[in-house]
Structures are given as C-alpha cells and as structure tokens.
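The values are calculated or read from the model by the stated rules, or taken from the named source; none is laboratory data. Keep in mind the model is a prediction, meaning the values are calculated, not measured. Here Cβ is always computed from backbone atoms with ideal geometry, including for glycine, and neighbour counts include all displayed protein chains.
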Amino acid sequence: DGGITQSPKYLFRKEGQNVTLSCEQNLNHDAMYWYRQDPGQGLRLIYYSQIVNDFQKGDIAEGYSVSREKKESFPLTVTSAQKNPTAFYLCASSQAGTEYEQYFGPGTRLTVT
Amino acid sequence: QKEVEQNSGPLSVPEGAIASLNCTYSDRVSQSFFWYRQYSGKSPELIMSIYSNGDKEDGRFTAQLNKASQYVSLLIRDSQPSDSATYLCAVEESTLTFGKGTMLLVSP
C-alpha cells in the first residue's frame, strides 16, 4: 500500500446521500487517480489530477466530483446522481514523468442501499 | 475503443510449474505496459513494467512484449501457492487501461 491511505475501508450509505471518500499520499507524487472496480471487471478511471487545482474526467465521471486543493490529497465525492455507486473504489498516485507507473492505496468498499 | 484483453481463467498450475499469463491490446501506439497482482479483497500491486520489445526479468517474474503482435505476457517461474491471485494487465493508451484480469491458482 506504500504511502497512500484511503479511509474508511468500508463505508455504508443510504441511497440519495452524497458521500466523500478520502485519499492521502505522502510519496510527493504529482498525479493522483480514482478508479472503481466492480466484480469481474477491470478498473475504470473516474477522475485524475496531474497537478494541484486541476483535474480531468476519466471514462466514467458522471455522478462523481473531485477536488485537488493540496498535492497530498484527492478526495472523491460520490453524489446521489451516480446510478450504481456500490463498488470498490481505488485511489492511485504516480510520479511526474512516470504517469503510467501507478501505485494504489488499500481501497474503500462502498455499499449503498 | 480502447481494449485490453485477458483470459479470465482460472489458470491452474501445480506448485513449482511455470505460469504463463497473456494479454493483448488494441492501441498500436501504446508504449508502456504493466502487470499488477491483486489478492482477493485487496488493492492491485505493481509487479512488473515493460517498455520495449523483448523480455524483462525480475526474480521469478519475466515480462515479454511484442509490439508488432500487440501482445504482452507474464511468466512466473517456480510458482508458489502464495502466487495465487488475479493478475491485471495494464496498457498506456493516453490513460492507463486495465484488462479484467486472469485468476491464477497454484496448487500445493
């Protein structure tokens, strides 16, 4: 898991509620990423940020929002607009110049009922 | 449409054998290729990266890349029960695109 922390490990929410997932890294990495993983599926990119105060949508950004106010932190908000929010959410980071060599945090398993 | 294809498995091998995991990708301009290991319920762990054609060895692991055939593979020599996991292939295609993974089962 390196120097990437995600909290909490398990999260339960009622449908219609927004929820924010935390991701912090102390690796001094410039880039950070959010993926979701569903059973039997590959990782799908939600949002990524290559520099503070800037971020880009990934393949499945609808229903999610992010912020990057500090280099170390990249929180993800799952909004009530996300149709199927129950999933395993993974945060990753990478060093500038090696953006594709990504290291993952331990993940947050979100269940929405 | 970016695609990274892997056989879902499971691939079953006896302890001590060579496990061969394969991956094909669709984007001809991809330059960076990665293998991640993911234990059940855990996050992916980067185990190999390869950037040029040929073989790259790291301990019991060998990554092989053939850009002309758009094919990357991972060989695990002297497989151990602790190698039992899902192996994800990831390919740089503007962003990193992951395959769905191949489950490897190593029996004692």
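Of (1) in contact with a Gly (Cβ under 7 Å, 6 or more places away or on another chain); (2) within 14 Å of chain B (Cβ to nearest Cβ); (3) modelled with pLDDT of 95 or more, residue A:21 satisfies all except one. Which?
The failed condition is (1).
Could you list, in sequence order, all residues of segment B:41-83 that are closer than 22 Å to residue A:42 by Cα and among the β-branched types (Val, Ile, Thr)?
B:47, B:50, B:72, B:76
Looking for whichever is over 19 Å from residue B:3 (Cα atoms), in a strand (DSSP E or B) and away from chain A (no Cβ under 14 Å) here; the options are B:74, B:105. Which one fits? Spell out the reasoning first.
Working: B:74 fails: over 19 Å from residue B:3 (Cα atoms).
Exactly one residue qualifies, and that residue is B:105.
For segment A:24-43: of the residues being surrounded by 17 or more Cβ atoms within 10 Å (Cβ to Cβ) and closer than 16 Å to residue B:88 by Cβ, which is modelled with the lowest pLDDT?
By that ranking, first place goes to A:42.
When you scan segment A:48-57, do you find a residue that is closer than 17 Å to residue A:36 by Cα, under 10 Å from the mean Cα position of the chain (by Cα) and within 14 Å of another protein chain (Cβ to nearest Cβ), even just one?
Taking every residue of segment A:48-57 in turn, at least one turns out to be closer than 17 Å to residue A:36 by Cα, under 10 Å from the mean Cα position of the chain (by Cα) and within 14 Å of another protein chain (Cβ to nearest Cβ).
Could you check, for segment B:2-22, whether at least one of its residues is in a strand (DSSP E or B), at negative phi and within 13 Å of chain A (Cβ to nearest Cβ)?
We begin by selecting, within segment B:2-22, every residue in a strand (DSSP E or B); these are B:4-5, B:11-14, B:19-22.
After this cut, where a residue has to be at negative phi as well, the list is B:4-5, B:11-14, B:19-22.
Checking the rest, the ones that are also within 13 Å of chain A (Cβ to nearest Cβ) come to B:4-5.
Yes, that holds for at least one residue.
Within segment A:76-101, can you find the residues that are modelled with pLDDT of 95 or more and within 14 Å of another protein chain (Cβ to nearest Cβ)?
The answer is A:87, A:88, A:89, A:90, A:91, A:92, A:93.
Filter segment B:77-93 down to the residues that are outside any strand (DSSP E or B) and buried (at least 18 other Cβ atoms within 10 Å of the Cβ) and list them by number. Quick ask: steps written out before the conclusion?
Here is the first cut: in segment B:77-93, the residues outside any strand (DSSP E or B) are B:77-84.
Passing the criteria: B:79, B:83, B:84.
Does residue B:96 satisfy the condition of being part of a strand (DSSP E or B) and away from every other protein chain (no Cβ under 14 Å)? Step through it out loud before you land on a result.
Numbers: part of a strand (DSSP E or B): yes; away from every other protein chain (no Cβ under 14 Å): no.
Here the answer is no, as residue B:96 does not meet what is asked.
State which residue pairs qualify: first residue of a type in the set (Lys, Arg) and inside segment A:80-109, second residue surrounded by fewer than 23 Cβ atoms within 10 Å (Cβ to Cβ) in any location, beta carbons under 6 Å apart, and separation of 6 or more residues or different chains.
Pairs found: A:109/A:10; A:109/A:88.
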